[in-house]
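These notes are about the structure you will find just below.
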Amino acid sequence: MNLYRIAIIIVVAAAFLIPTVAAQETEIHSYIVTPAGDAILEDNPSFTPMTTGSIVQGETNWYSTYVAAGTTELIIDLNWGDAANSLRLTVHAPDAVLGPYYDAYDGVNGRIYLRIKDYAGLHPGTWRFEIYGDKVAGIQDYTFVWQ
């Protein structure tokens, strides 16, 4: 009889724990991606990693950053300044793929300038950025900044 009661207690306790674990695993983020417009990146190098690179037609370059829990906004600036060439940017969040975004997305030629927001908080973890040489004549230099 005691084993029966213990088994019932375990089943009831497990029933209360399972919904909590499932709710944490199925958290859905509502990312809002817009042109960054007049957003200004911090001038502090520890908050604004900037890299320079170059790319040719059909090449892919990857970058990544860690987004901490509680972060609600990420600003991304891919700038190559040459309207004759076109780059593509795809953002790989830990829980979603955003994009691809092309040169014309933000209305500025030679630049992809994005603001990614989630008022509940961006998914914490490693975010990866895929830059692709979509239509590039020769070699295209660029700068890539995120915050």
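The values are calculated or read from the model by the stated rules, or taken from the named source; none is laboratory data. Because the structure is predicted, anything quoted here is derived from the model rather than measured. Virtual Cβ from ideal backbone geometry, glycine too; neighbours counted across all protein chains shown.
Structure values in brief
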{"quantity": "Any chance Ser54 is of a type in the set (Ser, Thr, Tyr), more than 26 Å from His29 (Cβ to Cβ) and touching a residue at least 40 places away in the same chain (Cβ under 8 Å)", "calculated": "yes"}
{"quantity": "Selection count where residues are crowded, with 18+ Cβ neighbours inside 10 Å and among the β-branched types (Val, Ile, Thr), scope the range 116-129", "calculated": "1"}
{"quantity": "Any hit, the range 79-98, residues being free of Cβ contacts under 8 Å to residues at least 12 places away in the same chain and either within 14 Å of the chain's Cα centre (by Cα) or exposed (fewer than 14 other Cβ atoms within 10 Å of the Cβ) (or both)", "calculated": "yes"}
{"quantity": "Test set (1) at pLDDT 95 or above; (2) farther than 24 Å from Ile32 by Cβ; (3) surrounded by 12 or more Cβ atoms within 10 Å (Cβ to Cβ); (4) hydrophobic (A, V, I, L, M, F, W, C) - Ala137 fails condition number", "calculated": "(3)"}
{"quantity": "Residue satisfying all of: in the range 73-107; charged (D, E, K, R) and part of a strand (DSSP E or B); nearest to Ile139 (Cα to Cα) among these", "calculated": "Arg88"}
{"quantity": "Meets criteria (out of contact with any Phe, Trp or Tyr (no Cβ under 6 Å at 6 or more places or on another chain), surrounded by 18 or more Cβ atoms within 10 Å (Cβ to Cβ) and either in a strand (DSSP E or B) or among the basic types (Lys, Arg) (or both)) for Tyr132", "calculated": "yes"}
{"quantity": "Filter pass, Tyr113 being modelled with pLDDT under 95, over 10 Å from the mean Cα position of the chain (by Cα), crowded, with 16+ Cβ neighbours inside 10 Å and assigned to a strand (DSSP E or B)", "calculated": "yes"}
{"quantity": "Residue in the range 35-57 that is modelled with pLDDT of 95 or more, of a type outside the set (A, V, I, L, M, F, W, C), over 17 Å from the mean Cα position of the chain (by Cα) and in a loop (DSSP other than H, G, I, E, B) present", "calculated": "yes"}
{"quantity": "Filtered residues of the range 116-129 (kept if farther than 10 Å from Glu73 by Cα, assigned to a strand (DSSP E or B) and not basic (Lys, Arg))", "calculated": "Gly125, Thr126, Trp127, Phe129"}
{"quantity": "Residue count, the range 89-113 (criterion: touching a strand residue (DSSP E or B) at 6+ places or on another chain (Cβ under 6 Å) and within 19 Å of Thr52 (Cβ to Cβ))", "calculated": "5"}
